[in-house]
Amino acid sequence: MSEGRRAAFFDVDETLITAKSMFLFLRHWLEGRGDDGTVYQRQADALRATVAQGLPREVGNRAYYRNFEGARAADVLSAGRAWYAGYRRRPDAFVAACVDALEGHRAAGHKVVLVSGSFEACLAPIAEDLGADLVLCSDPQTAPDGTYTGGVGTPMIGAAKTEAVARTIAGLGVAAADCFAYGDHSSDLGMLRAVGHPVVVGDDLALGDIAREKGWPVLPAAGGRREHR
C-alpha cells in the first residue's frame with residue numbers, strides 16, 4: 001500500500017482541542033440569547049449529572065441537543081463559527097502534540113477524519129482550520145422549515161464511533177491495519193482498537209493502563225496556540 005493510502009481518525013474534544021466544545025458552544029449560544037449564565041449552569045449541571053449517575057454518555061448527548069429545539073440550523077452554524085473564531089485565539093486552545101501529529105498525517109497525504117459526539121456547528125470550523133478531509137459526528141435532526149427538532153439521529157459516541165470508523169475505512173478502500181486513531185477517553189477504545197496504529201492522548205487512567213499493556217504510544221495533552229496558516 002502506498003504511503004498516501006492511509007487514514008488517521010481523531011477524536012476532537014480534549015484530543016485536538018483542550019476543551020469540551022459542546023459545553024463552550026452552549027454557553028456562547030445561550031449568552032447570545034441573553035442568558036446571564038444561569039440557564040447555562042443549570043443545563044451544564046444536568047448534563048454532568050448524567051455522567052455522575054453512571055448513565056451512558058449517549059444519554060447526555062441526546063439531552064444536549066434538546067437545547068437547540070426550535071433554533072434555525074443556519075443560525076446555530078453561524079454561531080458556531082463565531083464561537084470558534086474566539087476560541088482559537090486562546091493560548092492553550094489546542095492539544096499541541098496531537099495537532100502536530102495531524103499535520104504530519106496531512107503532509108504524508110493521509111486522509112484526516114474527525115470523529116466526535118459534537119456536531120457540525122462546532123466541528124465544521126475546526127475541520128476547516130485543521131484541514132480535515134471528513135467529519136463523522138452527531139447529527140441533530142431538522143424539521144422541513146430548517147429548525148432543529150431537539151432530536152438526534154446517532155450520537156457519535158462509543159460503539160457508534162467504532163462503527164463509523166469501520167465504515168469509513170471500507171469506503172476509502174484502505175486497510176485498517178495501516179490506519180491511525182487518536183483518542184483521550186475510554187469511550188474511544190473501540191475506535192482505537194479498530195485500527196493498526198492507536199494513539200492515546202492525555203492521562204485517562206483506563207486508556208493509560210491499556211496503552212502500557214499493548215505498547216501504544218501516549219501523547220501529552222498540554223495545550224498550545226496555533227497560528228493561522
**Request:** Determine the gain in length on full extension of the stretch V59-R81; use 0.36 nm per residue of separation and subtract their C-alpha separation, reporting nm with one decimal.
**Result:** 5.3 nm
**Asked** Using unit Cβ charges (K, R positive; D, E negative) and no other charged atoms, how large, in debye to the nearest 20, is the dipole of the chain about its Cα centre?
**Response** 140 debye
**Prompt:** On average, how much area does the Cα convex hull of region 143-226 cover when viewed from any direction, in nm²?
**Reply:** 8.3 nm²
**Message:** Compute the angle between helix 73-87 and the longest alpha-carbon principal axis of the chain, please, reported from 0 to 90 degrees and rounded to the nearest 10.
**Reply:** 70 degrees
**Item:** Sequence ranges 68-74, 181-187, 49-55, ranked by mean other-Cβ count within 10 angstrom, highest first
**Value:** 181-187, 68-74, 49-55
**Request:** May I ask you to evaluate 6.51 cos²θ - 1.76 cosθ + 1.60, the Karplus curve with θ = phi - 60°, for each residue of region 42-57 and list the ³J(HN,Hα) values in order in whole Hz, giving x for glycine and proline?
**Result:** 4, 5, 5, 4, 5, 5, 5, 5, 5, 6, 4, 7, x, 6, x, 4
**Length released on extending from R193 to Q141, taking residue separation times 0.36 nm less the Cα-Cα span** = 15.8 nm
**Asked** When you count, for each residue, the other Cβ atoms within 10 Å and take the mean per peptide, how do 114-126, 207-219, 148-160, 14-26 rank with the highest first?
**Response** 114-126, 14-26, 148-160, 207-219
**Message:** Using Cβ counts within 10 Å as a stand-in for footprinting exposure, how do H197, H28 rank, fewest first?
**Reply:** H197, H28
**Prompt:** With point charges of +1 on the Cβ of Lys and Arg and -1 on the Cβ of Asp and Glu, referenced to the Cα centre of the chain, which listed residue (Q141, P56, A206) lies farthest in the positive direction of the dipole?
**Reply:** Q141
**Fill in**
region 58-80 and region 123-162 have their Cα centres apart by a whole-number Å value of 10 Å
**Asked** Taking 0.36 nm per residue of separation and subtracting the Cα-Cα distance, what length does fully extending D203 through A175 add?
**Response** 7.2 nm
**Request:** Taking every Cα atom in the chain, find the radius of gyration and the maximum pairwise distance Dmax, and write them in Å.
**Result:** 17.3, 55
**Prompt:** Considering only the other residues whose Cβ falls under 12 Å of the Cβ of L114, what net charge follows from Lys and Arg at +1 and Asp and Glu at -1?
**Reply:** -4
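Bear in mind these aren't lab numbers, they're just calculated from the coordinates by the rules spelled out. Computed from a prediction, not measured in an experiment: that's the story for all the values here. Here the Cβ is made from the backbone with ideal geometry for all residues, glycine too, and neighbour counts use every protein chain on show.
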